[in-house]
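Taking it in order: structure first as structure tokens, then the write-up.
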Amino acid sequence: MMDKLKRLLGTAAFDFGGVIVFYALLATLGLRAAIAGTLVFVPIDAYRRHKLKIGFPRLYILSTAMVLIFGSIDVFSKRPFMLKYEGAVTETIVGIAFALGSRGRSIIEELVLQQQPDLMFPHLRRFFQLITRCWAIYYFCMACFFLWVSQHFTLVHAVGIRQVTSLVGAGAMALFSFSGSFAFRIFQSLGLLPADAEVHE
């Protein structure tokens, strides 16, 4: 179970590679260095994905595009303002993307099948649709929290709080999402999945 989780988190980390590079540079070298570093990282990572035939998941495109758009606006602004609300706006947009992406083959199913293309169990699609909706709710809650943080802390402190909160929150959500039978039973207890179905880890 832990090996699967590590592989999946590794895949997710690559999908947020541009975001990780941006905030690491923002916290150490400033906004312009963060933009420049991300602009260098994205084409290199895109080439790597193309050569390894990893593809460009919706999550990767969305996260990279948003951080570049918000950061670029602030680079050309006399007074940076977008990054102050970037956390709340980004979480809201990602929440909407997850909510819309819970239909059909969901974003989470897409992520999991990158690592386990032969994965199959009863009600697999429905299970991952529910997991994706849980992530949508999580992002909407985080958006509200980040909006509050942006009103009460400086940008540097707000970014630090967002990073720590995001790490802890995403870790907890990942543990639940990939807990296999535990998450499956939770959904069954809520009447969201058939009570007689089982999932094998």
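The values are calculated or read from the model by the stated rules, or taken from the named source; none is laboratory data. Predicted, not measured: the structure shown is a model, and the values here were computed from it. All Cβ positions, glycine included, derive from the backbone under ideal geometry; neighbour counts span all protein chains shown. These accessible areas exclude ligands, DNA and RNA; they are computed on the full protein's heavy atoms, side chains included. Shrake-Rupley method; radii C 1.70, N 1.55, O 1.52, S 1.80 Å.
Give the carbon-plus-sulfur fraction of the accessible surface of the range 80-200 in %, rounded to a whole number; probe 1.4 Å, heavy atoms of protein chains only.
Working: 4310 of 6230 Å².
Carbon-and-sulfur percentage of accessible area, whole number: 69.
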If I model a spin label as a point 7 Å beyond the Cα along the Cα-Cβ vector, how far apart are those points for R126 and C141 in nm?
2.4
Efficiency of FRET between V156 and I69 - r from beta-carbon atoms, R0 25 angstrom, step 0.05
0.75
Hull surface over four for the Cα convex hull of the range 80-200, reported in nm², is 8.1
Which order do C144, C134 take by accessible area at a 1.4 Å probe, largest first?
C144, C134
Per residue of the range 98-108, in order, report the coupling 6.51 cos²θ - 1.76 cosθ + 1.60 (Karplus, θ = phi - 60°) as ³J(HN,Hα) in whole Hz, putting x for Gly and Pro.
5, 4, 6, x, 8, 8, x, 7, 6, 4, 5
Residue-normalised accessible area of the range 80-200, given per residue in Å² at a 1.4 Å probe
51
Any idea of T154's accessible area? Nearest 10 Å², probe 1.4 Å.
80
